[in-house]
1. Rounding to the nearest 10 and keeping the result within 0 to 90°, find how far the Cα-based axis of helix 89-99 lies from the longest principal axis of the chain.
2. Which angle from 0 to 90°, rounded to the nearest 10, does the C-alpha axis of helix 42-51 make with the longest principal axis of the chain?
3. Filter the trypsin sites (Lys or Arg not before Pro) in segment 128-211 down to the DSSP loop ones having no more than 11 other Cβ atoms within 10 Å, then list what survives.
4. In whole Å and largest first, what semi-axes does the C-alpha gyration tensor of segment 29-142 yield when each eigenvalue is scaled by 5 and square-rooted?
5. If contacts are Cα pairs under 8 angstrom and at least 6 residues apart, what is the relative contact order of the chain in percent?
6. Once all Cα-Cα distances of the chain are split into 10 Å bins that start at 0, what whole-number percent is in each one?
7. Per residue, how big is the convex hull around the C-alpha atoms of segment 45-90? Give it to me in cubic angstrom, could you?
8. Please name whichever of Val124, Gly139, Thr62 sits farthest to the positive end of the charge dipole of the chain, dipole taken about the Cα centre and charges placed at Cβ: Lys and Arg +1, Asp and Glu -1.
Amino acid sequence: VEEVRLLSRRYGAVLLDLDGTVYMSTAPADGMDVLVDLLPGAKEFIAACRDAGVLVGFATNTSYQTPEVIAARLRRAGIPAEPGEVLTAPGSIARQLLADGVRETAYLGGPGVRAAVAAAGIPVVGVDEVDPEAWADGGGPRAIAVGADPELRLATLNRAAELVDTGARLYVSTLEPHFPSAVGRQPGSGPIVAAIAAMARDRLEPVVCGKPSEFYAALAAQYVAGREPVLMVGDNPATDIAMAELLGWDSLLVLTGTTTAADLKGATAHPRATFVVPDLTAALSTPADLP
Ligand SMILES: [Mg+2]
């Protein structure tokens, strides 16, 4: 607790990754969401930050669900959270579609992708609902927004490839092949892009919008604007710590998800975190410098 008081004096905002940092998903819930197990110290660390007046936000690369569903998932697990505090990869995709002047979008993935694009005011339909000939008329610019979806069919991916061949650009959450869960690795959006690239005639150059892209970094910086300095908390050096480095923020690496203590030995090529702790329980007491 003493150390969190120190952190709260040092930081005006704390952004936390979710999977592997705050919780691990364990099983599909009734309906569309997943059940999660909180990781050690996460609830207490977040509560201590809020008690100290630190701005808290959740910065996830999750693409399937909406911020509303993710905030409800956190609340169900005992962590107060509002949708406006949840930054997602589809939120970053939508922000970039607007910046690029995209006028029409087809999507692949879960409700999180469709909802984020629609919320940005851009017309969006499922890839299967688009007639490729209608998109070949040169109007646009048009785009395909892609997030993870374990249920995709090859016919749908082929339709996306046909849309790529009309000149539509593809915006994707991440190129990661998997993401971790308590019930084993789950397919990410990387293989979806690979399948579309394999079927498209035109060369595919996806716009990657999740952490640690400059687009997600801009979304995160906008969220904490005026509350610097910022601490980024995450389990993945390649995404969470790399984005903190890009933004010039301090970072806290937890070893509850993607990264193990063994991974750190000799890992000089990785972006280096400011602090490394076994889990967020340790962050409540004695953050240690990276050995
Ligand atoms: Mg993570």
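1. That works out to roughly 60 degrees.
2. The angle comes out at about 80 degrees.
3. Hits after loop and neighbour filter: Arg153, Arg185, Arg201, Arg203.
4. Computed over segment 29-142, the values are 34, 16, 9 Å.
5. 21
6. 7, 29, 34, 21, 8, 2, 0
7. 69
8. Projecting each Cα onto the dipole axis, the largest value belongs to Thr62.
Coordinate-derived values only; no laboratory data. Predicted model only: the values in this text are computed from it and were never measured. Don't worry about glycine lacking a Cβ; one is built from the backbone with ideal geometry, like all the others, and counts go over all protein chains shown.
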